[in-house]
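This report concerns only the one structure given below.
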Amino acid sequence: MTETSGLVLNGLSKRFSGDASTVLDNISLSIAEGEFVCLLGASGCGKTTLLNLIAGLDEPTSGTISANGRTSLIFQEPALFPWLTAGKNIELALKAAGVERAQRKEKAQELLRLVHLDKSYDQRPHELSGGMKQRVAIARALAQESKILLLDEPFAALDAITRDFLHEEISRVWKERGLTIVFVTHNVREAVRLGQRVLLLSSRPGRVIREWNIDIAQPRNIDDPQVAVLASEITAELRQEIRRHAR
Amino acid sequence: MPADFEVQEVDDLATLESGLDALESSGEQEKRFTLKRLLLKSSPAFIAIAVVLGIWQLLFALKVKPDYVIPSPQMVWNSFTTQWKLGMVWPAVQNSITRGFIGFALSIAIATPLGILVSQVKFARLALRPVLTGLQQLPSVAWVPAAIIWFGLSPSTIYCVVILGATPSIANGLVSGIDQIPPLYLRAAKVLGLSRFASIRQVVLPAAFPGYLSGLEQGWAFAWRSLMAAELIAISPDLGAGLGQLLEVGRTLGDMSLIVMSIFLILITGICVERLFFAPIRKRVFRARGLLVE
């Protein structure tokens, strides 16, 4: 496997003005191209801040980010525009990415096929279920021709059955498209189910305190005994980190 | 065998997902238009009108006041048919609606860029928002004497009053529509990499549209009221007839039936504009976004 870097963070720190505490402290991280990394941590570990920095929505206090290709960010809420149909939501992203008008419709339909929503081109967001909306959001993010996909607890608001399907979906899309993925979650099993590498962040300040390489064969199932064993090991570590904050 | 199994698994996800999608997504159920539903829906309004007419007729029958103070419904109706035959009603309605629409259109043309400016530029917001809110409170009839001195008894006077009455509401509606946009949409626009101009056109304005629409509705109400105030005071043969002028004719003649008839015409015209113009737009916009509860 050639180790081309997809995303390199170097000494990344973030402090918000007026707030003495450091949110992110000296995070250095190298993510290979095509790698699937899960960031795990309790509340207050600055996961969302970290993704915002990578996505360019916010400026770091110090440190550098170098990304090999465009990034797109997917939120916990699907953030589809309710005045546009599913297809037109994707076409707006295509337009912003500079795709010519004549090609947009076909490309949007192709992306909808990729997430198994062939028939939803003309549907409005309110006619779609939570899982379907999030799949449209994934298709919209892919429309930006991004090589790096940042996901901020994307499935946290979904029910267990839907979440299970979306785990399969995102794994498949990741492989098919050769994407680099940074997936933030507070669900340990989800992290182990999906990631090639799981990073545990500490809270206040956010630092990478441990990492695990996940060698369990793909495709994995969230109920695999191996997933469960590793998840409980990581959970123990996570709890220890949380306990540290008890007064 | 294992290879087969894997193919089946991939296939399975598509099938599983489409099954779950079908279970979870709400099929839009368009209710069919039937005469029965229309009657059912509009009957409460008719009952209310009948009750009001009944009380009115009763007051008349009891002779609480002489009939030149409280005329009967029949007298008002007779006044309407007489005036209609004299050719007084329709031109007045037409004139007022035309003036109202032109004044309203001019107000939209002024208020929309103004609202965008106030919402997007901090200095403009600090400077103009209090002025707009203040003007919204000011009864626009207060502008009539000033407008008559500025423009004389001309259509400009009427449009001036209508614009001053309607513009603040429309601009304020747009500003609060923009202020209430969920921050998530703006972040999504940023993530998509839309330029500032594209993000205003493609995200900010459509997202603010429901707020803008209620600003427009309120703006129309203010435009219509301002128009009546202006027509009632600014009377000249050059201006032609309007509903406000019809009201003033009734006052000078001491013809209470004509006055009540004019009030009804003003009311009914207002209701018609709301039902035929704003209600369908509002329904369409809200339904498309899944905001309509029926």
Is it the case, given these coordinates, that B:A189 is assigned to a helix (DSSP H, G or I), within 14 Å of chain A (Cβ to nearest Cβ) and either in contact with a His (Cβ under 6 Å, 6 or more places away or on another chain) or buried (at least 23 other Cβ atoms within 10 Å of the Cβ) (or both)? yes
- If we scan region A:162-169, do we find a residue that is of a type outside the set (D, E), open to solvent by 10 Å² or more (accessible area, probe 1.4 Å) and in contact (Cβ under 8 Å) with a residue 40 or more places away in the chain? no
Across region A:96-113, the tally of residues that are outside any loop (DSSP other than H, G, I, E, B) and within 11 Å of chain B (Cβ to nearest Cβ) stands at 2
Counted residues in region A:114-141 being open to solvent by less than 10 Å² (accessible area, probe 1.4 Å), in contact with a helix residue (DSSP H, G or I) (Cβ under 6 Å, 6 or more places away or on another chain) and more than 11 Å from chain B (Cβ to nearest Cβ) come to 2
The number of residues in region B:234-291 that are in a helix (DSSP H, G or I) and farther than 30 Å from B:Q74 by Cα is 15
Of the residues in region A:56-93 that are at the interface with chain B (Cβ under 7 Å from one of its Cβ atoms) and open to solvent by 30 Å² or more (accessible area, probe 1.4 Å), the one that is nearest to A:S129 (Cα to Cα) is A:E77
Among (1) in a helix (DSSP H, G or I); (2) open to solvent by 70 Å² or more (accessible area, probe 1.4 Å), B:I116 falls short only on (2)
Being assigned by TED's automatic domain parsing to the domain that holds A:I209 and open to solvent by less than 20 Å² (accessible area, probe 1.4 Å) narrows A:F16, A:F36 down to just A:F36
Checked region A:99-149 for anything under 26 Å from B:L291 (Cα atoms), among the basic types (K, R) and in contact with a strand residue (DSSP E or B) (Cβ under 9 Å, 6 or more places away or on another chain); matches are A:R140
When (1) touching a Leu at 6+ places or on another chain (Cβ under 8 Å); (2) surrounded by fewer than 20 Cβ atoms within 10 Å (Cβ to Cβ); (3) at pLDDT 85 or above are applied to A:A42, the one that fails is (3)
By residue number, the members of region B:244-278 that are closer than 30 Å to B:G211 by Cβ and surrounded by 13 or more Cβ atoms within 10 Å (Cβ to Cβ) are B:I266, B:T269, B:G270, B:V273, B:E274, B:F277, B:F278
Every listed condition ((1) free of Cβ contacts under 8 Å to residues at least 60 places away in the same chain; (2) touching a helix residue (DSSP H, G or I) at 6+ places or on another chain (Cβ under 6 Å)) holds for B:A147 save (1)
Taking region A:94-109 and the residues there that are out of contact with any Gly (no Cβ under 6 Å at 6 or more places or on another chain) and open to solvent by less than 30 Å² (accessible area, probe 1.4 Å), the one that is nearest to A:T48 (Cα to Cα) would be A:L94
task = Say whether the condition of being touching a Leu at 6+ places or on another chain (Cβ under 8 Å), more than 14 Å from chain A (Cβ to nearest Cβ), assigned to a helix (DSSP H, G or I) and open to solvent by less than 100 Å² (accessible area, probe 1.4 Å) is met by at least one residue in region B:69-78.
result = yes
Residue set A:L158, A:L199; condition within 17 Å of the chain's Cα centre (by Cα) and within 30 Å of B:T15 (Cα to Cα); output residue A:L158
Flagged in region B:155-178 as open to solvent by 30 Å² or more (accessible area, probe 1.4 Å) and more than 16 Å from B:A111 (Cα to Cα), in numbering order, are B:P155, B:S156
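The values are calculated or read from the model by the stated rules, or taken from the named source; none is laboratory data. These numbers were taken from a predicted model, which means no experiment stands behind them. Cβ: placed from backbone, ideal geometry, glycine included. Neighbour counts: every protein chain shown. The protein model used for the area step is the full one, side chains on, heavy atoms only, and it has no ligands, DNA or RNA in it. Shrake-Rupley method; radii C 1.70, N 1.55, O 1.52, S 1.80 Å.
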